[in-house]
1. State which residue is nearest to the chain's Cα centre (by Cα) when the search covers only region A:151-206 and only residues that are in a helix (DSSP H, G or I), within 22 Å of residue A:230 (Cβ to Cβ) and among the polar types (S, T, N, Q).
2. Going by the conditions given, is residue A:220 more than 24 Å from residue A:136 (Cα to Cα) and hydrophobic (A, V, I, L, M, F, W, C)?
3. Could you grab me the full set of residues in region B:280-309 that are farther than 30 Å from residue B:207 by Cβ and touching a residue at least 12 places away in the same chain (Cβ under 8 Å)?
4. Do you know which residues across region A:8-41 are open to solvent by less than 50 Å² (accessible area, probe 1.4 Å) and under 17 Å from residue A:136 (Cα atoms)?
5. Looking only at region B:94-142, count how many residues are surrounded by fewer than 16 Cβ atoms within 10 Å (Cβ to Cβ), more than 23 Å from residue B:173 (Cβ to Cβ) and out of contact with any Pro (no Cβ under 9 Å at 6 or more places or on another chain).
6. Identify all residues within region A:207-223 that are in a helix (DSSP H, G or I) and either open to solvent by 90 Å² or more (accessible area, probe 1.4 Å) or out of contact with any Leu (no Cβ under 9 Å at 6 or more places or on another chain) (or both); write none if there are none.
7. Just the residues that are polar (S, T, N, Q), at pLDDT 70 or above and open to solvent by 50 Å² or more (accessible area, probe 1.4 Å), please, taken from region B:208-229.
8. Please list, ordered by residue number, the helices (runs of 4 or more DSSP H) wholly in region B:33-136 having 3 or more residues that are more than 8 Å from chain A (Cβ to nearest Cβ), closer than 18 Å to residue A:6 by Cβ and in contact (Cβ under 8 Å) with a residue 24 or more places away in the chain.
Amino acid sequence: MRTVWTIAKRELNSFFDSLMAYVMLLLFLGFSGLFTWLIGSDIFMVGQASLRTFFSVAYWTLFFFIPALTMGMIAQENNTGTIELLLTKPVTDRQLVLGKFTASLLLVVISLAFTLPYVVTVASIGNLDQGAVFGGYLGLVLLSAVYISIGIYASSLTSNQIVAFLTALFIGIFFQIVFDMLATTLSGFFGELFHYLSLTTHFESMSRGVIDTKDLIYFASLIVLFLKLAEDSLAKRNL
Amino acid sequence: MDIKVENITKSYGPQKAVDGISFHVKTGEILGFLGPNGAGKTTTMKMLTNYLLPEEGNIFIGGKSLIEEADELKKHIGYLPENNPLYQEMPVIDYLQFCAEIQQIPGDSIPGRIREMVRVCGLNQEKHKKIGELSKGYRQRVGLAQAMIHDPEILILDEPTTGLDPNQIVEIRKLIRELGREKTVILSTHIMQEVEATCDRILIINKGEIVADGTADSLARQVQGQELLRVRIEDGDPNEIFKALQQLPTVEMVDFVERDHNRFEIQSKAGMNSNREVFRLATRKGWVITEMIPLETKLEDIFRELTMN
């Protein structure tokens with residue numbers, strides 16, 4: 001546990017040292033703020049004291065930003081050879097993956113914490129559904145966790161950050177829209193299957209304030225699956 | 001802790017990088033690992049540090065299998081990988097802090113260990129700089145510092161002196177010698193003087209197999225087999241001296257090196273020395289020996305002999 005935290009701490013420090021964290025925060029807050037308050041179907045246009053708009057903007061912003069955050073996590077270590085340094089110390093493959101995962105998730109949680117003023121503002125305008133807000137935030141954190149584990153897996157496959165970024169987006173797009181589209185075109189068993197696999201389905205029900213164990217299991221199993229894949233790919237030591 | 005390697009094999013695709021290597025390194029021994037490029041030195045070291053798993057065979061450290069008890073055993077190993085990879089963006093001191101934490105050194109003894117490493121590796125001037133800003137020599141020192149920070153019982157160093165200037169090389173070799181009194185050290189290099197200067201024992205590998213194992217002296221004997229003397233005997237007729245030398249009971253063969261200067265090369269019969277016989281012969285005949293040099297096979301020659309084909 002201490003090892004995981006040591007790795008996560010180093011990773012977080014390097015986020016903040018390399019300005020990556022600030023760029024990420026700025027862009028995330030900029031985008032979500034802009035679309036929530038000023039452009040398109042913003043809060044004033046909808047005319048409801050609801051954070052729906054924010055959640056759906058964040059849903060897409062995170063989809064693009066997380067692969068950018070995770071692309072270097074293992075790929076860069078593969079590239080510079082520091083992976084060898086790390087794994088020959090008393091660190092298991094799993095601790096390494098979990099450390100990277102923790103660091104990324106913390107950064108996302110910090111970014112999301114910066115949007116809490118939105119909640120306060122909207123709550124002061126009208127009657128805000130607190131369940132939906134809680135569910136929405138929880139949904140965003142879980143969704144981020146899924147994309148982080150996908151991103152770390154993609155990063156473990158290569159020593160090239162761009163390849164890692166594109167691979168993560170490619171895998172992510174299936175959960176983000178492709179499965180959803182397939183679910184609407186297909187019917188019967190496959191329709192049901194893709195409906196279940198689509199991340200959108202689970203996220204939407206959560207951001208309405210419905211927290212179902214089925215959704216939690218869905219998110220948890222994706223996170224575990226991709227982290228396990230990352231660990232296995234690390235164990236192969238492809239350089 | 002001693003290291004016992006039993007029959008390890010590792011291949012990359014169809015090519016066998018390491019092919020059934022076995023050796024034993026005793027506690028407190030400094031083993032020099034020699035071999036041409038691509039001989040399997042680095043691969044062997046990666047297996048010794050549990051970065052790669054051997055396909056066959058096993059490695060025992062202090063009697064425990066590295067494959068089964070990797071997490072426990074890795075705490076006792078300090079490793080400087082080839083090319084010395086480091087986190088370029090980290091300041092030296094932060095990096096050493098990170099390494100100390102990850103080696104699970106108790107928090108209260110970390111500052112002391114870092115200070116010690118900064119002193120031993122001569123990093124005081126550079127300790128607040130980012131690693132990426134350091135010269136190659138200083139980076140190498142950082143690499144050594146991270147390998148030794150947890151005071152490991154085993155040190156595995158892949159080409160530890162590359163990029164260092166001559167003064168630093170002398171210092172680092174001295175450091176390795178000192179460490180080697182208590183610790184088990186394996187270092188790879190292709191600098192022959194380094195092996196002669198620091199190592200107790202030499203292992204030469206070629207094409208994934210061990211081709212020689214022993215001290216510098218024993219290897220020289222193994223390759224050379226017979227004693228070779230170069231002598232200059234004056235105050236006599238060269239041809240007469242030549243004949244007299246050839247008739248000595250211990251001499252196998254005599255060669256003229258420089259007839260005008262009366263220089264000869266004398267090869268003794270296996271297991272025999274000729275220097276005394278030559279001296280007695282010269283005193284008997286009233287000749288003067290002005291040179292007598294035992295020709296040693298240098299490590300370079302041994303290396304070439306063993307790895308050329």
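1. A:176
2. Numbers: more than 24 Å from residue A:136 (Cα to Cα): no; hydrophobic (A, V, I, L, M, F, W, C): yes.
So residue A:220 fails the test.
3. We begin by selecting, within region B:280-309, every residue farther than 30 Å from residue B:207 by Cβ; these are B:280-294.
Matches in region B:280-309: B:281, B:282, B:285, B:286, B:287, B:288, B:289, B:290, B:291, B:292, B:293, B:294.
4. Scanning region A:8-41 gives A:28, A:29, A:32, A:33, A:36.
5. The number of residues fulfilling the criteria is 9.
6. The first filter runs over region A:207-223 and keeps only residues in a helix (DSSP H, G or I), leaving A:207, A:213-223.
Selection gives A:213, A:214, A:217, A:221.
7. Taking region B:208-229 and keeping what is polar (S, T, N, Q), we get B:215, B:218, B:222, B:224, B:226.
Narrowing further to those that are at pLDDT 70 or above: B:215, B:218.
If the condition is that a residue be polar (S, T, N, Q), at pLDDT 70 or above and open to solvent by 50 Å² or more (accessible area, probe 1.4 Å), then B:215 is the only one that fits.
8. On the way: elements: B:41-48, B:70-73, B:92-102, B:110-120.
Ranges flagged: B:92-102, B:110-120.
The values are calculated or read from the model by the stated rules, or taken from the named source; none is laboratory data. From a predicted model like this one, the values you see are computed outputs, not experimental measurements. Note: ideal-geometry Cβ built from the backbone for every residue, glycine included; neighbour counts use all protein chains shown. When the accessible area is computed, the model is the full protein with side chains, heavy atoms only, and any ligands, DNA or RNA have been set aside. Shrake-Rupley method; radii C 1.70, N 1.55, O 1.52, S 1.80 Å.
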